[in-house]
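The values are calculated or read from the model by the stated rules, or taken from the named source; none is laboratory data. Since the model is a prediction, treat every value here as computed from it, not as a measurement. Here the Cβ positions follow ideal geometry from the backbone for every residue, glycine too, while neighbour counts run over all protein chains shown. Note: areas computed on protein heavy atoms with side chains; ligands, DNA, RNA excluded. Shrake-Rupley method; radii C 1.70, N 1.55, O 1.52, S 1.80 Å.
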Amino acid sequence: CAVKAAQVLSEIAKNEEMKKPCIEADLVPTLIPLLDSTDQEMLLHAGRAIGRICYDNRNLQEELVKVGVITSLVRILTDYAESEPLVHVDLLALCNLAELDTAKEALSKTKVAEQLVKQLRRAENHERLEIVFEVLQALAENDALKVQLVEAGVQEVLSEILLRLQGSSKAEDTCIVKAASDLIVSLLLGGKNGNTDKLKAVKNNAKAIVSILSRHENSHSKDSLNSQSALLISIIVVLISLTCLVLPLSSDGNCVRMVQVGVIHQLLDLLEKHVESGDISVQHAALSALRNLAIPVVNKVQMLEEGVAERIQALLRSEMPPVQFKLLGTLRMLTDGQADAAEILGQDPTLLNRLVQWCNASDHTGVCGEANRLLASILRHNRSQEVVKAIQEAQGVKHLVSMTTSEHAAMQNEALNALAIASAIDLETLEDSFKESQLVQSLHKLLQDDNTSPEVKYNSMGLLCSLLNSGDLRQEIEEDKIKETLEQLCSHSNANVVKEAVTTLQVLRGEA
């Protein structure tokens, strides 16, 4: 009798006009206890009736969560995982409730992640996949559930689905690939709240990325990888999400963990397959991720020890400017603060010659700028006379002198600091290049220009102090009447500029 009543109610609730009378008659509280039944037919009809009455009614849905319906839904999904009709009704109910924060909180205290992953693996049609994806996407907004999903191995199943649908041109398959890719993004953008959840998310998201990249890397030859549009979409999304994950300063933990579990070499493997003729979007995403992973100091050390710099140099054979630009940026990140790396790169004649060529690449300003910045970085972080001589022999000094007049203050300061350090190491080697490139005259113009930033003026005077150790360059400084400009700067509005002007005048007069 109760089963029949529940069936009748589920049919009545199909009609929009009958929902209100059902609510007013308090039928929902009457139906909820029926979800504890062991009769599958009862569960089916009671579940349908509740779902239809409460559909699109937030207040009723909140009440359902309060009275513990979540526990009943997870129990049904667990006990009757093989019953297609019951699972369908259960998933629809979860789909309707999953947007509620209270529901997410309640679900985080259950083992729903394990059950959803099982259902995702079992799903044989697009409709079922779409429902499960919709539930998972909603749950992935909760940090605790996100961790549970990764621990349950959802990334493995997603990877299997993407591999299964690779190359398909069917519209429904494309939708599934997009849904799976979107879910991967959500999972990879780790925990934001509590420290414990954040730590778990960092570890598990790193593992998820490695798992996904490994599967795609190991399952395809070079030719087949380039031809699978669906597969490339998924890889692109994974890599872009990886880039997003490491960009915020607060994500250093994520960034370090990525390198520890081996993401770097998988990115490089992927790039080596794509650098000549592969998908441009994959290259861009992988290169951005690679560059951002090189930011934390601890990562620089590990990446250098594992030969990443050498692999990046090998990839520089590419003739594609966007690829060159990002690879040069990654090398610059690796040399930042790393004297050993600067010394190795600074004594590689092949690399230096290519950098000098790129410094002349006026048709590719981004590559030109990064080549100059890498040269400056090598000099700034180097303490070796051999590196100074190598860059001089490669005719790179004149480009750094030109860089001092860049329209970007950051690049000006990088060049000025690099030349000052190089001058302190081996001024004699650089003297002729400085005279040929008219460095003294360039510095004077920077000091005279009212638009020059205080920091650039300060660093220009610091370089002048180094140049005064050369008799010929001292003579140029005196002949160019820089002394008068320095005297004027002694009344500059910036205290640091004033202090440096006084110091430089003292060195010029031989008082220091």
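Below are the figures for this structure:
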read-out: Cross-chain or 6+ apart pairs with Cβ under 6 Å, the stretch 50-66 first and more than 9 Å from LEU97 (Cα to Cα), then open to solvent by less than 70 Å² (accessible area, probe 1.4 Å) and not in a helix (DSSP H, G or I); value: ARG52/ALA13; ILE53/ALA13
read-out: Any chance ALA138 is modelled with pLDDT of 90 or more, in the same structural domain as LEU60 (by the TED database) and open to solvent by less than 10 Å² (accessible area, probe 1.4 Å); value: no
read-out: Pairs where the first residue, in the stretch 431-443, is outside any helix (DSSP H, G or I) and the second is of a type in the set (Ser, Thr, Tyr), C-beta under 6 Å, 6+ apart; value: none
read-out: Pairs with Cβ under 6 Å, 6+ apart, first in the stretch 374-398 and charged (D, E, K, R), second open to solvent by 10 Å² or more (accessible area, probe 1.4 Å); value: ARG380/ASN417; ARG380/ILE421; ARG383/ALA339; GLU386/GLN347; LYS389/THR429; LYS398/SER437
read-out: Cβ-Cβ under 8 Å pairs, at least 6 apart or on other chains, the stretch 29-43 side assigned by the TED database to the domain that holds VAL89, far side polar (S, T, N, Q) and not in a helix (DSSP H, G or I); value: GLN40/SER83; LEU43/SER37
read-out: THR71, sole failed condition from (1) of a type outside the set (D, E, K, R); (2) in a helix (DSSP H, G or I); (3) open to solvent by less than 60 Å² (accessible area, probe 1.4 Å); value: (3)
read-out: Test: residue in the stretch 396-417 that is on the phi > 0 side of the Ramachandran plot and of a type in the set (Lys, Arg); value: no
read-out: Selection within the stretch 4-18 - within 12 Å of ARG48 (Cβ to Cβ) and either open to solvent by less than 60 Å² (accessible area, probe 1.4 Å) or assigned to a helix (DSSP H, G or I) (or both); value: ALA6, GLN7, VAL8, LEU9, SER10, GLU11, ILE12, ALA13
read-out: Given (1) closer than 18 Å to ALA103 by Cβ; (2) open to solvent by 30 Å² or more (accessible area, probe 1.4 Å), number of the condition PRO21 does not satisfy; value: (1)
read-out: Boolean, ASP472 is among the acidic types (Asp, Glu), closer than 29 Å to THR335 by Cβ and part of a helix (DSSP H, G or I); value: no
read-out: Residue check, HIS88 farther than 23 Å from LEU145 by Cβ and open to solvent by less than 80 Å² (accessible area, probe 1.4 Å); value: no
read-out: Unique match (being within 18 Å of SER72 (Cα to Cα), at pLDDT 90 or above, surrounded by 23 or more Cβ atoms within 10 Å (Cβ to Cβ) and within 28 Å of the chain's Cα centre (by Cα)) among ALA113, ALA103; value: ALA113
